[in-house]
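Enquirer: Can you read through this structure? Questions will come right after.
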Amino acid sequence: MKNKSRREFLKSSLVAGAGLIALPMILPRSVFAGVKPNSRIQIAQIGCGRMGSGDMVGTMNHSDLCRFVAVCDLDSRRLGIAQKTVEDFYKAKGETSVEIKTYHDYHEVLARPDIDAVIVSVPDHQHAIVAISAILAGKDVYVQKPMTYSIAEAIALRTAVRAKKRILQTGSQQRSEHPWNTFRIASEAVRNGRIGQLHTIKVGVGLDKIKGVKPIPQSIPSNFDYDRWLGPAPEQPYMEYRVHPQDSIDGRPGWITTEDFGLGMITNWGAHHLDIAQWAMGMELSGPTNIDAHADFMQDDVWTVHSSYHVEMKYANGVQLIMDNKFPTGISFEGSEGQVFCTRGSEKVTKSDGNAPVDNKSKSLYASNDNILSSRVGPEGKTWMKSDDHYRNWLESIISRKDPIAPVDQGARSLEACAVSWIGMKLKRPLTWNPEKEMFVNDAEANAMLSRKARKPEYDIAKIIGKAHLMI
């Protein structure tokens, strides 16, 4: 690994090659120019579960800018609920005849030239394959956080977005004013030196507890295409506790706590808080240089992710970032002249989260000096892009063809900070990361974990990228 460049390593680790069934290259009306201001953006929802339903309704509310025309899911029950939700929304506005198309296969959605954009709210392990396919089909994309499952996938998605000049918004909604402006206020204050020289950031992202259920295979429900749902993930028997509840779209899905599908709280909420931490310290296009991470992992349980954890990361600017499950949920910035803390208030990370939401009488925004919050902009004059609503910001970016508040480059870096922490947890030893090359320094074992082999050739990201003649 010593003499290999990042490009060479990623190319070999992703096993770039041929053999993929070509994606349909039918381009939508907005490929060569932005959508006209007086023409509504036509959108399809891909993934209609707990997060997908929220993304869909949150975007659909901006009906002056967009129109939903299709929904797609591998669970026919969820698909039917999503279709009815959209149809009822437009009927409530006085429309007498509403037809929302339903799809089982997202490739059929991407083949429609009248669809301008898609919302990707599938499980983490499917983010990259669906989002990259959408970008290559000429669609603009909103993708849930973390942006991808692995670091190699994040780099591949970024490559596709920039090469095809598409708009991608990462679902890091803490960057937008609604519903939490605390993160913008705190991070802008820190970025502008209102707490002096930043030296320490402490992050709490809650704690998942074991389910207490043995991993026992079950019969696959007739309404669910489990093989397609597995996608690139390793072959394994179906277990409802590792997928999503069959009796509800609101229940917390088990894939979040199953390591083959999601990496646990380190990416589930870590993607939110580390995104803000790097934004505040001016490292949103970089990352840590040194990682020392430790965690316990669930054993002999239907769930497999980490439980208790402690992570210490050092950045090139001298800032130390510490994550620990004992910290209150939120982000604490400590500087030479003060401290500021921000969180989502009383909202818990998980139903089982026992952490107090904040240290300071349940305030969602706290500073050691009131001037820190009242005078946020210093000599540097760094202010964040205006974004009242994360979904609307994405829609407006599609029209303007300018990057949204959470663009692909920064979404990739947020995922990387989470993923290098997870790799450190798994290897149980200190790691050195090169944020410029986006690979570990002289560490073949750690670099092998930047990607994983796809279960079937059609899910191989490198082959999709190679088929599009893109260079990573």
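Enquirer: Which order do peptides 252-258, 46-52, 264-270 fall in by mean Cβ count within 10 Å, highest first? Each step should come with its number before you reach the end.
Expert: Working: 252-258: 22.6, 46-52: 24.3, 264-270: 26.0.
Taking the mean over residues of other Cβ atoms within 10 Å, the ranking is 264-270, 46-52, 252-258.
Enquirer: Using helices alone, what [θ] at 222 nm do you get for the chain, with -39,500 (n - 2.57) per DSSP H run of 4 or more residues, divided over all residues and rounded to the nearest 500?
Expert: On the way: 15 runs with 141 residues, N = 472.
Result for the chain, helices only: -8500 deg cm²/dmol.
Enquirer: Can you give me the C-alpha center-to-center distance between region 167-241 and region 371-440, rounded to a whole angstrom?
Expert: 14 Å
Enquirer: Still on this structure: Over the chain, what relative contact order in percent results from Cα pairs under 8 Å that are six or more residues apart? Display every interim value, and only then the final one.
Expert: Values: 1020 pairs, mean separation 109.2, N = 472.
That works out to 23 percent.
Enquirer: To the nearest 20 debye, what charge dipole does the chain have about its Cα centre, counting +1 at the Cβ of each Lys and Arg and -1 at the Cβ of each Asp and Glu?
Expert: On the way: 59 positive and 54 negative charges, 178 e Å.
Taking the Cα centre of the chain as origin, the dipole is about 860 debye.
Enquirer: Tell me which residues come under 5 Å, amide H to amide H, from Gly196 once H is placed; ignore anything under 5 positions away on its chain.
Expert: Under 5 Å from the amide H of Gly196 lie the amide H atoms of Glu337, each far enough along the sequence or on another chain.
Enquirer: Summing Lys, Arg as +1 and Asp, Glu as -1, what charge do residues with Cβ under 10 Å from the Cβ of Leu136 carry, Leu136 excluded? Mind showing how you got there, number by number?
Expert: Working: positive: Lys139, Lys164, Arg166, Lys467; negative: none.
Within the 10 Å Cβ shell, the charges total +4.
Enquirer: When a/c reaches 1.5 or more, the comparison of a/b and b/c decides; with that in mind, is the chain rounded, prolate or oblate per its Cα gyration tensor? Show your work: numbers first, answer last.
Expert: Values: a/c = 1.37, a/b = 1.21, b/c = 1.13.
Note, shape of the chain comes out rounded.
Enquirer: What percentage of all Cα-Cα pairs in region 176-263 are separated by more than 21 Å? Could you put the intermediate results ahead of the total?
Expert: On the way: 2038 of 3828 pairs.
Here the long-distance tail beyond 21 Å is 53 percent of all Cα pairs in region 176-263.
Enquirer: Okay, moving on. Calculate how many DSSP beta bridges within the chain are antiparallel, expressed in % of all such bridges and rounded to the nearest 5. Mind showing how you got there, number by number?
Expert: Values: 31 of 56 bridges.
If we restrict to bridges inside the chain, about 55 percent are antiparallel.
Enquirer: Sort Val243, Val311, Val69 by Cβ crowding within 10 Å, fewest neighbours at the top.
Expert: On the way: Val243 23, Val311 27, Val69 19.
The most exposed by this proxy come first: Val69, Val243, Val311.
Enquirer: Another question about this same structure. Taking a label point 7 Å from the Cα of Lys91 along the Cα→Cβ vector, which residues of region 42-61 have an amide N closer than 19 Å to it?
Expert: Answer for region 42-61: 57, 60-61.
Enquirer: Same structure again: Defining a contact as two alpha carbons under 8 Å apart and six or more residues distant in sequence, what relative contact order in percent does region 216-261 show? Walk me through the numbers before you get to the answer.
Expert: On the way: 39 pairs, mean separation 14.5, N = 46.
Relative CO of region 216-261 lands at 31 percent.
Enquirer: Going by a ≥ b ≥ c, the root eigenvalues of the Cα gyration tensor, does region 52-185 fall in the rounded group (a/c under 1.5), the prolate group (a/b larger than b/c) or the oblate group?
Expert: On the way: a/c = 1.77, a/b = 1.26, b/c = 1.40.
It comes out oblate by the Cα gyration axes.
Enquirer: So, by mean Cβ neighbours within 10 angstrom, what's the order for 210-219, 56-65, 85-94, 301-310 with the highest one leading? Intermediate values should be presented prior to the final figure.
Expert: On the way: 210-219: 12.0, 56-65: 17.0, 85-94: 14.0, 301-310: 20.0.
Those peptides, ordered most packed to least, come out 301-310, 56-65, 85-94, 210-219.
Enquirer: Name the aspartates and glutamates eligible as straight-distance cross-link partners of Lys93: C-alpha to C-alpha under 17 Å, and not fewer than 8 places from it in the same chain.
Expert: Result set, ordered by chain and number: Asp64.
Enquirer: Taking θ = phi - 60°, what integer Hz values does the Karplus form 6.51 cos²θ - 1.76 cosθ + 1.60 yield along region 204-209, in sequence order, with x for Gly and Pro?
Expert: Result, ordered by residue: x, 10, x, 9, 7, 10 Hz.
Enquirer: Also, quick follow-up: Name the residues whose placed amide hydrogens come within less than 5 Å of the amide hydrogen of Asp443, ignoring near sequence neighbours (fewer than 5 apart) on the same chain.
Expert: Amide H neighbours of Asp443, under 5 Å, 5+ apart: none.
Enquirer: Let me ask something else about it. Between their Cα atoms, which of Lys84/Lys456; Lys209/Lys386; Lys326/Lys363; Lys164/Lys314; Lys326/Lys453; Lys139/Lys363 are more than 29 Å away from each other? Write down the numbers at each step before the final one.
Expert: Numbers: Lys84/Lys456 34 Å; Lys209/Lys386 38 Å; Lys326/Lys363 18 Å; Lys164/Lys314 34 Å; Lys326/Lys453 35 Å; Lys139/Lys363 41 Å.
Result: Lys84/Lys456; Lys209/Lys386; Lys164/Lys314; Lys326/Lys453; Lys139/Lys363 exceed 29 Å.
No lab work stands behind these numbers, since they all come straight from the coordinates. Please read all numbers here as calculations on a predicted model, not as lab measurements. As a convention, Cβ positions derive from the backbone with ideal geometry for all residues, glycine included, and neighbour counts pool all protein chains shown.
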